[in-house]
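Structure first, commentary second.
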Amino acid sequence: MRGPRSPLLLNYMLLKQKVVDLLEKALIERSDLFVVDFSVGADHHIHITLDGDTLVSVQDCIDISRAIEHNLDREEEDFSLQVSSCGASSPLVKFRQYPKHIGRKLEVKAAGEDYKGKLIEARQERIILEWNERLPKEIGKGKRTVTQQKKIEFEHIEKAKVLITF
């Protein structure tokens, strides 16, 4: 049998659940936004990272922050809150992040292999990357350019990020 939980742990759990509830409510009103990362530290530091089906603006982060902060009582909970958007070099961690990047170049590690190519398709079960590769001619000297494609099952993706090109 377990003993009673400490007041600090209960306070932490209550704060976390309140934030989850407030965040879910705010995102119902903003269905184009979604959470990529969420944490509440033992020191009551709340960190939320958002992404969206299109761009996430500073105002979007402010709106979500206010929806949470204005509904928590600082007299009851001492907390800090940080709401941010995914950076350009942030890894893609949820399927919902992929469709808006169709046509962009990705670097993907899947099943121990590394791939770099343009994202040409994103379905719930897989993505397809495409790239050009110089291969030796079958007959004669020299090389020819061949378009390659790789279907990657979403469940096998270990790491993926958008490659920024200038």
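Once you've got the GNM for the chain with C-alpha springs shorter than 10 Å, pick whichever of Val93, Val19, Val146 has the biggest mean-square fluctuation.
The residue that fluctuates most here is Val146.
Where the only charges are on Cβ atoms (+1 Lys, Arg; -1 Asp, Glu), what is the dipole of the chain about its Cα centre, to the nearest 20 debye?
Charge dipole of the chain: 1300 debye, to the nearest 20.
Over the stretch 21-166, what percent of the accessible surface lies on carbon and sulfur atoms, probe 1.4 Å?
The nonpolar share, carbon plus sulfur, comes to 47 percent.
Could you state the accessible area per residue of the stretch 1-152 in Å², with a 1.4 Å probe and every protein chain left in place?
Per-residue accessible area for the stretch 1-152 comes out at 65 Å².
Strictly over 24 Å apart at the Cα level, which of Lys137/Lys159; Lys94/Lys150; Lys109/Lys143; Lys16/Lys100 would you flag in this model?
Details: Lys137/Lys159 33 Å; Lys94/Lys150 19 Å; Lys109/Lys143 27 Å; Lys16/Lys100 30 Å.
Flagged as over cut-off: Lys137/Lys159; Lys109/Lys143; Lys16/Lys100.
I'd like the FRET efficiency for Glu155 and Arg96, computed as 1/(1 + (r/R0)^6) with the beta carbon distance as r and R0 of 22 Å, rounded to 0.05.
Efficiency at R0 = 22 Å is approximately 0.90.
Please report the net charge: other residues with Cβ closer than 15 Å to the Cβ of Phe79, K and R +1, D and E -1.
Taking every other residue near Phe79 into account, the sum is -4.
Multiply the residue gap between Glu76 and Arg134 by 0.36 nm, knock off their C-alpha separation, and tell me the result in nm, one decimal place.
14.5 nm
Place a point 7 Å from Cα of Lys143 in the direction of its Cβ. Which residues in the stretch 78-122 have their backbone N less than 11 Å from it?
The answer is none, because no backbone nitrogen lies closer than 11 Å to the label point.
About the Cα centre, and with charges only on the beta carbon of Lys, Arg (+1) and Asp, Glu (-1), how big is the dipole of the stretch 77-155? Nearest 20 debye, please.
The dipole magnitude comes to about 740 debye.
Using alpha carbons only, what's the Rg to Rh ratio of the chain with Rh from Kirkwood?
Radius of gyration over Kirkwood radius for the chain works out to 1.16.
Can you show me the helix-derived [θ] at 222 nm for the chain, built from DSSP H runs with n ≥ 4 at -39,500 (n - 2.57) apiece and divided by the number of residues, rounded to the nearest 500. It would help to have the intermediate numbers written out before the result.
On the way: 2 runs with 35 residues, N = 166.
The helix-only estimate for the chain comes to -7000 deg cm²/dmol at 222 nm.
Taking the 0 to 90 degree range and rounding to the nearest ten, how far is the long axis of helix 7-29 tilted relative to the main principal axis of the chain, both from C-alpha atoms?
Helix 7-29 sits roughly 60 degrees off the main axis of the chain.
Quick check on the stretch 1-70: take the gyration tensor over C-alpha atoms, sort the square-rooted eigenvalues as a ≥ b ≥ c, and tell me if it's rounded (a/c under 1.5), prolate or oblate.
Working: a/c = 2.69, a/b = 2.60, b/c = 1.04.
Verdict is prolate for the stretch 1-70.
Under a point-charge model restricted to the Cβ atoms of Lys and Arg (+1) and Asp and Glu (-1), what is the dipole moment magnitude of the stretch 28-85 relative to its Cα centre, in debye to the nearest 20?
Working: 3 positive and 14 negative charges, 33 e Å.
Rounded to the nearest 20 debye, it is 160 debye.
Pick out, from Gln82, Phe38, Thr49, the residue whose Cα sits farthest towards the positive end of the charge dipole of the stretch 1-92, with +1 on the Cβ of Lys and Arg and -1 on the Cβ of Asp and Glu.
So the residue furthest toward the plus end is Phe38.
Please name which of Ala26, Ala67, Gly103 has its Cα lying farthest along the dipole of the stretch 1-121 towards the positive end, using unit charges on Cβ (Lys, Arg +1; Asp, Glu -1) and the Cα centre as origin.
Projecting each Cα onto the dipole axis, the largest value belongs to Gly103.
Roughly what angle does helix 58-69 make with the longest principal axis of the chain, taking Cα atoms, 0 to 90 degrees, to the nearest 10?
Helix 58-69 sits roughly 30 degrees off the main axis of the chain.
The values are calculated or read from the model by the stated rules, or taken from the named source; none is laboratory data. Remember, predicted model here, so these are calculated numbers, not experimental data. Cβ: placed from backbone, ideal geometry, glycine included. Neighbour counts: every protein chain shown. Ligands, DNA and RNA are excluded from the accessible area calculation, which covers all protein heavy atoms including side chains. Shrake-Rupley method; radii C 1.70, N 1.55, O 1.52, S 1.80 Å.
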